[in-house]
Amino acid sequence: MRKISSAAIALLFSFTPAFAQQDAPRIDGGDTAFMIIATALVLMMTLPGLALFYSGMVRKKNVLATMAQSLIATAIVSLIWIVIGYSLVFSGDSPWIGDTARLLLKGVGPETISPFAKTIPEILFMTYQMTFAVITCALVGGSVAERMRFSAFMLFCVVWFFIVYAPSAHWVWGGGFLQMLGVLDYAGGTVVHINAGVAGLVAAVMLGNRIGFGRENLAPFDLSLAVIGTGLLWVGWFGFNGGSALGANSRAVFAIVATHLAACSGALVWSALEWFERGKPSVLGVISGAIAGLGTITPASGYVLPWHGVVIGLIAGGVCYWMCTVAKHLYRYDDTLDVFGVHGVGGILGTLLAGVFATRAVTASATDPGISGLLDGNPAQLVIQAIGVVVTLVWCVIGTWLSLKIVSLFVTLRVNSDDEREGLDIALHGEALHQ
């Protein structure tokens, strides 16, 4: 073996400072490829996932109108996000709302990296976060399906985005006061699920119940569509929760496994309760339990172990079942597709349970001591989570009420009784499914 001269050794060590800069932000090809896939998966959750899931649970005369809500929410929110939404959420250092530094994506170039995602292009991080805003607005439509005017829903998406979504997303993910307080929300328990569920409940109450609610048969038209939609949502949730690691790493895998297991246990619990109470497990119950598990694990997915996902899914299946089958009829509110009972309640549960199950076993690294919850010896985290839930709830109730009041100044919120009985497909869109 040839000897290395002292001059060569000196030359080698002269390059050490360059290697010491490895921690500086740089675009990683593997992370970028993973996040492109995750972005596509989350967009698939809305189109066609949510569109099929929702349309399969309404009556035949409202199938196309329900699909149209998911379609138009995608178009409207995507454009708002590009113009100003991304900037309001992820730029600036205000604890309340972002600034206009990224207006029309100003300053976002091929090599630009966001401080919130240091190994992928900022344009990709922007697009990934856009898909979250899209599905949040689209989810709200499930509560007012079969009776809200299409024009009112379009305007609502715009107003509600600015009043509710953008501020709360900044508070939790964009460096706002809830993030500084230490609220844990890995992939959208507060920002997505509590906001969508609570907004849906407020909107459902303000619009009033559907004609025939509690008296007529309002059974779903085609649950096979809803089952297909559930499958797309389930797979898409791997991008939703796994992608929130913002890179191809072990934490993303832990989040995906916990997500899948929560969906499985949620589906089984809902089915078991329904089987015990009614004598038969329905297909609607299986898919509702799965979605309840998926929504509830979302805020905790990147902080917990796989078995925690099983427990969270079990809790979600039971509590959400009670909300959708008992509380809904007890208080007689017509949340058409149970957005509050599944997503709102699931988001509240999951955000609180993140403060219970968060563990250093998943979150710690060589440079980070990690995050712990109640079971890991940090009961204060549960208190912080409760503060995040209360703030989100209060702001969403006020903001949604205000948004609908503003919309009502320009258009009528609800279709008339004749159009509702005829069906929104014909009344609003002049189209119908083949007989």
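Points worth noting:
- Computed from backbone phi with θ = phi - 60° and the Karplus coefficients 6.51, -1.76 and 1.60, the 3J(HN,Hα) list for the stretch 291-307 is 5, 4, x, 5, x, 6, 6, 3, x, 9, 4, x, 10, 10, 7, x, 5 Hz; x is used for glycine and proline.
- From least to most packed, judged by other beta carbons within 10 angstrom and beginning with the fewest, HIS434, HIS343, HIS329 follow the order HIS434, HIS329, HIS343.
- Which labelled figure in (i) 91, 48, 41; (ii) 68, 55, 44; (iii) 75, 53, 43 is Cα extents along the principal axes in Å, once derived from the coordinates: (i)
- Nitroxide proxy distance, nm - points 7 Å out along Cα→Cβ at ILE37 and SER282: 3.7
- Amide proton proximity set for ARG414, modelled H, under 5 Å, gap of 5+: ARG149
- Residue among ASP368, ASP31, ASP185 with the largest mean-square fluctuation in a Gaussian network model of the chain, springs linking Cα atoms under 10 Å: ASP368
- For the chain, the relative contact order works out to 22 percent when only alpha carbon pairs closer than 8 Å and six or more residues apart are counted.
- 3J(HN,Hα) couplings calculated from phi for the stretch 119-131 with the Karplus curve 6.51 cos²θ - 1.76 cosθ + 1.60 (θ = phi - 60°) are, in sequence order, 10, 10, x, 4, 4, 6, 4, 4, 5, 4, 5, 4, 5 Hz; Gly and Pro show x.
- Cβ-Cβ FRET estimate between LEU218 and LYS106, R0 fixed at 45 Å, reported to 0.05: 0.40
- Neighbour-count ranking [beta-carbon atoms within 10 angstrom, fewest first] of GLU422, GLU111, GLU277: GLU111, GLU277, GLU422
- Förster-model FRET efficiency, 22 Å R0, SER417 and SER151, C-beta, rounded to 0.05: 0.75
- Note on the stretch 320-355 and the stretch 98-158: Cα centroid distance 25 Å, given to the nearest whole angstrom.
- Available extension along the chain between ASP93 and VAL394 is 106.0 nm, counting 0.36 nm per residue and deducting the alpha carbon span.
- Sequence of LEU139, LEU79 once ranked by neighbouring C-beta atoms within 10 Å, starting from the fewest: LEU79, LEU139
- Coupling constants for the stretch 56-62 follow from the phi torsions by the Karplus curve (6.51 cos²θ - 1.76 cosθ + 1.60, θ = phi - 60°), and in residue order they are x, 10, 9, 6, 4, 6, 10 Hz; glycine and proline get x.
- Count of lysine pairs in the chain with Cα separation under 27 Å (8 or more residues apart, or interchain): 6
The numbers here are math on the coordinates, done by the rules we state, and not lab data. Note that the structure is a prediction, hence the values are computed from the model and not measured. Cβ: placed from backbone, ideal geometry, glycine included. Neighbour counts: every protein chain shown.
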